[in-house]
Amino acid sequence: LTKILGSSEGRSAHIGVWRLPSGQTIELAGVKDESDKEKWQGREADYKGFDEICHFTRSQYRFIVGWNRTTRKGQRCRVVAAGNPPLTVEGLWVIQEWAAWLDPTYPDPAEPGELRWPVRRTDDDEESEIFFRTKEEAIEHLKTLRTAPQDYDGNVIPPRSRTFIPAALEDNP
């Protein structure tokens, strides 16, 4: 990060935090054990980045991205997960999480970079998702579920879009 920023100004090495002159804060940390995800509870951030996503559990990933939010009107929130294909059974959840791009048996495959809106298939199965081509289609499906996420006024909360962009070693000089 020092190389990217051009200096280590604002860096607190012992806590892995950079406080930039712009007022932005960059925090680097790990999630070694399953329960370490709880250290992120309530800590909103407009950007959450994961390196080597297959080294995280699905539970860790989903818990941490739940705090990807902001109170600043108009501020974009984003999650980026980078990594290599899973090498263990524990990492196979990544194929499910991006099934429309990575699972060769997915019935409606997505193109690289294409946005899709994932929602769970049923009320009883939070792991299995359908990747809709439009947000509107996803919302209509959510309305059929008993436990669709809703805001305080009872409106269905739309899902966030997801995409996958493949890369090869040659893409990264």
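For this structure, a couple of remarks:
- Links that overshoot a 26 Å alpha carbon limit, given the list LYS73/LYS135; LYS37/LYS143; LYS3/LYS37; LYS48/LYS135: LYS37/LYS143; LYS3/LYS37
- Residues listed by number, the range 31-62, amide nitrogen under 19 Å from ASN84 label point at 7 Å toward C-beta: 50-57
- The chain - percent of accessible surface contributed by carbon and sulfur, probe 1.4 Å: 52 percent
- Applying 1/(1 + (r/R0)^6) with R0 = 30 Å to the Cβ-Cβ distance of ASP151 and LEU5 gives a FRET efficiency near 0.20.
- If the chain linking LYS143 and THR71 were pulled fully straight, counting 0.36 nm for each residue of separation and taking away their Cα-Cα distance, it would gain 23.2 nm.
- By the helix-only formula, in which each DSSP H run with n ≥ 4 contributes -39500 (n - 2.57) and the sum is divided by residues, the chain has a 222 nm mean residue ellipticity of -3500 deg cm²/dmol.
- Placing a pseudo-label 7 Å from each Cα along the Cα-to-Cβ vector at ILE95 and LEU169 gives an inter-label distance of 2.2 nm.
- Rounded accessible area per residue of the range 1-60, 1.4 Å, Å²: 70 Å²
- Loop-located chymotrypsin sites (Phe, Trp or Tyr not before Pro) in the range 18-105, at most 16 other Cβ atoms within 10 Å (DSSP): TRP67
- With each label modelled as a point 7 angstrom along the Cα→C-beta vector, the ILE15-SER161 pair spans 3.6 nm.
- Label zone (GLU111, point 7 Å along Cα-to-C-beta; backbone nitrogen cut-off 16 Å) within the range 151-173: 163-166.
The values are calculated or read from the model by the stated rules, or taken from the named source; none is laboratory data. Everything numeric in this text was worked out from a predicted model, so none of it was measured. Please note: Cβ atoms are built from the backbone with ideal geometry, for glycine as well, and neighbour counts cover all protein chains shown. Side chains included, ligands, DNA and RNA excluded: accessible areas come from the protein's heavy atoms. Shrake-Rupley method; radii C 1.70, N 1.55, O 1.52, S 1.80 Å.
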